[in-house]
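The structure appears below as structure tokens.
The values are calculated or read from the model by the stated rules, or taken from the named source; none is laboratory data. Since this is a predicted model, take the numbers as computed values, not measurements. Cβ sites come from the backbone with ideal geometry, for glycine too, and all protein chains shown count toward neighbours.
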Amino acid sequence: MAEIKLRQVRHSYLRDHRKEEDWALKELNAVWQDGTAYALLGPSGCGKTTLLNIISGLITPTEGRVLFDDRDVTDTPTGERHIAQVFQFPVVYDTMTVYDNLAFPLRNRGMDSARVSARVGEISRMLDLDSMLSQKAYGLTADGKQKISLGRGLVREDVNIIMFDEPLTVIDPHLKWQLRSKLKELHQRVGVTMIYVTHDQTEALTFADQVVVIYEGTVVQVGTPVELFEKPQHTFVGHFIGSPGMNLLPCSAADGATVFSGIPVQTTNAHKFKTNGRRMELGIRPEFIRFDNSGFEVEIVKVDDLGRYQLVETRRAENTIKMILAEGTSIPAERPRIAFDPKHTWLYADGWAVS
Amino acid sequence: MKNAKLLVTLLYILFLMLPIYWLLNMSFKTTNEILGTFSLWPMNFTLDNYIKIFTDPTWYNGYLNSITYVVINTVISVTVALPAAYAFSRYRFLGDKHLFFWLLTNRMAPPAVFALPFFQLYSATGLFDTHIAVALAHCLFNIPLAVWILEGFMSGVPKELDETAYLDGYSFWRFFVKIFIPTIAAGIGVAAFFCFMYSWVELLLAKTLTSVAAKPIAATMTRTASTAGYELGLLAAAGALTIIPGAFVIYFVRNYIAKGFALGRV
């Protein structure tokens, strides 16, 4: 168990990395607190796996240092960092039995066989692998193999951190739920630091205490699921998280006043805005818009009744504004007017929340 | 319908096996019978041809010589190709693709091209007429082939396997020997088979680089006449025996070869 710090870490896979876009992972300072469950969320190819591999030592960062409890481990080999990592696709030693596969990390650290078998028993029970312990790993289904990979990640108790790199991609949806809640349960019981990489927001939000959102090699926000929802610090967080995502509307801003399509709009953060002339956007989640006669006029494009709520798509000028209304809310038939909740309306300059 | 299928299959097999049958047929005949009459099976069944091969050193040493240099060659080729193929499959380095393709170019020239330089070089360094000379000469063709085959099998193994082993605390060499080699055992089998096959059937270099001490069986077989006149029965027996090692080896790797074809590398 350790607190892991990344100090000014950057990584590029290219030898020549003068340009900003040559960096797979842009400069990053981060602290992974001991015992917390993190989720790394971002689209494919945004640098999530690079970040994991830097922590585990499979990649040495081009620049910056990695610290475990203030001890510099940047040049320490992977094996000595005491890390467990589960990859996206199953990695099993085909030539060994399931039992030997699970026992492998323990035996390698010189654990005596009685304790190995106790520990393997515990993990195999948790993952329902009991019935196949004596089988060869060769020829198992992808599900089965991935469970073994997971088991191997979880079997050691003395690891600093367990990292999951989209571990449930190959597992079918029904089992996915089950395994995810087992991981969560295990985290609560053992309290080891976990980092869970995913591009699925539901997975991230249900698993993690803290979600780290990465976009194009930059960490755009770190926060609890609620913070990401209520206070997105970047337009990417706004539209990536939530279903549907945040409405982003072009606007202009000057001297603390924000104007969208000729209408002044109240926001939580516009008063902090100093300069002018950059790409300005207004962000509001569909959940925080309501019909209000004191608001501005829109045109209703369509209404989807999704059971628990209604999704209303409206338009003003060129801009589509989506709103979510509770089941049974009546929708005005003529000259509908809507209003934004000022507490949840954000002003973004070049993608970043104004602060 | 079913019978027709069976018939076609049988005819096909018959057609394929005919030369081999004829070879066996001849090997149990005397040379006089071969030259004098046409018979579908041996009239005077004899094992003399085989007895001669197993008792006469000029014959059985041919087999021993061939097997010796083939085994040396296979061991060298696979041992050298393993790390090379690993590098090609796991690392990106300057010119890796060109180098990989360049390996193939060694196979673009007929062995005869190399016969003279090899002969001269080996004579100068005192390697002429030794087993290692032939084994090394065949490496020129077999190492590139083995690298190609092994690279295909290795690239089929995700690099996460390597990474997991490092996470589990294995050093590179321990991982390579204990985990990686067993994982690609099929590929090693296929590569070894192709090295064996090439080296076993190759005649020109083997014949050029040897005279007495390391003379391969195939070279012995090119000697059709001796002081005793034509020895066709003897040659047929030698031919029949020469097929056996190949048939034996292919029996063991037949499933792996199918896998190799599936990977597109054989």
Of all strands (runs of 3 or more DSSP E) fully inside the range A:1-95, the set with 1 or more residues that are in contact with a strand residue (DSSP E or B) (Cβ under 8 Å, 6 or more places away or on another chain), closer than 26 Å to residue B:156 by Cα and at pLDDT below 90 is A:83-86
From the option list A:109, A:65, A:81, single residue qualifying as closer than 25 Å to residue A:15 by Cβ and charged (D, E, K, R) is A:65
Screening B:177, B:212 for residues that are of a type in the set (A, V, I, L, M), surrounded by fewer than 22 Cβ atoms within 10 Å (Cβ to Cβ) and at pLDDT 85 or above leaves only B:177
For the range A:301-335 the number of residues that are touching a strand residue (DSSP E or B) at 6+ places or on another chain (Cβ under 6 Å), surrounded by 16 or more Cβ atoms within 10 Å (Cβ to Cβ) and in contact (Cβ under 8 Å) with a residue 24 or more places away in the chain is 8
Note on residue A:80: of the conditions (1) within 14 Å of chain B (Cβ to nearest Cβ); (2) more than 24 Å from residue A:32 (Cβ to Cβ); (3) of a type in the set (Asp, Glu), unmet is (2)
When every residue in the range A:97-109 that is more than 9 Å from chain B (Cβ to nearest Cβ) and out of contact with any Lys or Arg (no Cβ under 7 Å at 6 or more places or on another chain) is compared, the one modelled with the lowest pLDDT is A:107
| said: Being of a type in the set (Gly, Ala, Ser), surrounded by 14 or more Cβ atoms within 10 Å (Cβ to Cβ) and without any contact (Cβ under 8 Å) to a residue 60 or more places away in the chain is the requirement here; does residue A:283 meet it? | reply: no
Those residues of the range B:166-194 that are within 9 Å of chain A (Cβ to nearest Cβ) and over 28 Å from residue B:257 (Cβ atoms) come to a total of 6
Restricted to the range A:197-243 and to residues being more than 19 Å from residue A:29 (Cα to Cα) and among the polar types (S, T, N, Q), the residue surrounded by the fewest Cβ atoms within 10 Å (Cβ to Cβ) is A:243
The one condition residue B:76 fails out of (1) in a helix (DSSP H, G or I); (2) over 15 Å from residue B:197 (Cα atoms) is (2)
A careful count of residues in the range B:133-168 that are surrounded by fewer than 21 Cβ atoms within 10 Å (Cβ to Cβ) and part of a loop (DSSP other than H, G, I, E, B) gives 3
Per the filter on the range A:135-178, residues among the hydrophobic types (A, V, I, L, M, F, W, C), part of a helix (DSSP H, G or I) and more than 29 Å from residue A:110 (Cα to Cα) are A:142, A:175, A:177
Note: among B:58, B:31, B:9, B:46, just one is of a type outside the set (D, E, K, R), exposed (fewer than 11 other Cβ atoms within 10 Å of the Cβ) and either over 30 Å from the mean Cα position of the chain (by Cα) or over 30 Å from residue B:146 (Cβ atoms) (or both), namely B:9
query = Residue check: is residue A:123 more than 12 Å from chain B (Cβ to nearest Cβ), surrounded by 21 or more Cβ atoms within 10 Å (Cβ to Cβ) and more than 23 Å from residue B:184 (Cβ to Cβ)?
reply = yes
Just one listed residue, out of A:112, A:94, is within 14 Å of chain B (Cβ to nearest Cβ), more than 24 Å from residue A:209 (Cβ to Cβ) and over 29 Å from the mean Cα position of the chain (by Cα), and it is A:94
Checked pairs for the range A:136-153, first in contact (Cβ under 8 Å) with a residue 60 or more places away in the chain, second assigned to a helix (DSSP H, G or I) and not hydrophobic (A, V, I, L, M, F, W, C), C-beta under 7 Å and 6 or more apart or across chains, list as A:152/A:101; A:152/A:105
Over the range A:96-128, the set of residues more than 30 Å from residue A:5 (Cβ to Cβ), assigned to a loop (DSSP other than H, G, I, E, B) and of a type in the set (D, E, K, R) is A:112, A:128
One residue is enough: does the range B:79-88 have a residue meeting the conditions assigned by TED's automatic domain parsing to the domain that holds residue B:238, of a type in the set (Val, Ile, Thr) and touching a residue at least 12 places away in the same chain (Cβ under 8 Å)?
yes
Per the filter on the range A:316-336, residues more than 30 Å from the chain's Cα centre (by Cα) and modelled with pLDDT of 90 or more are none
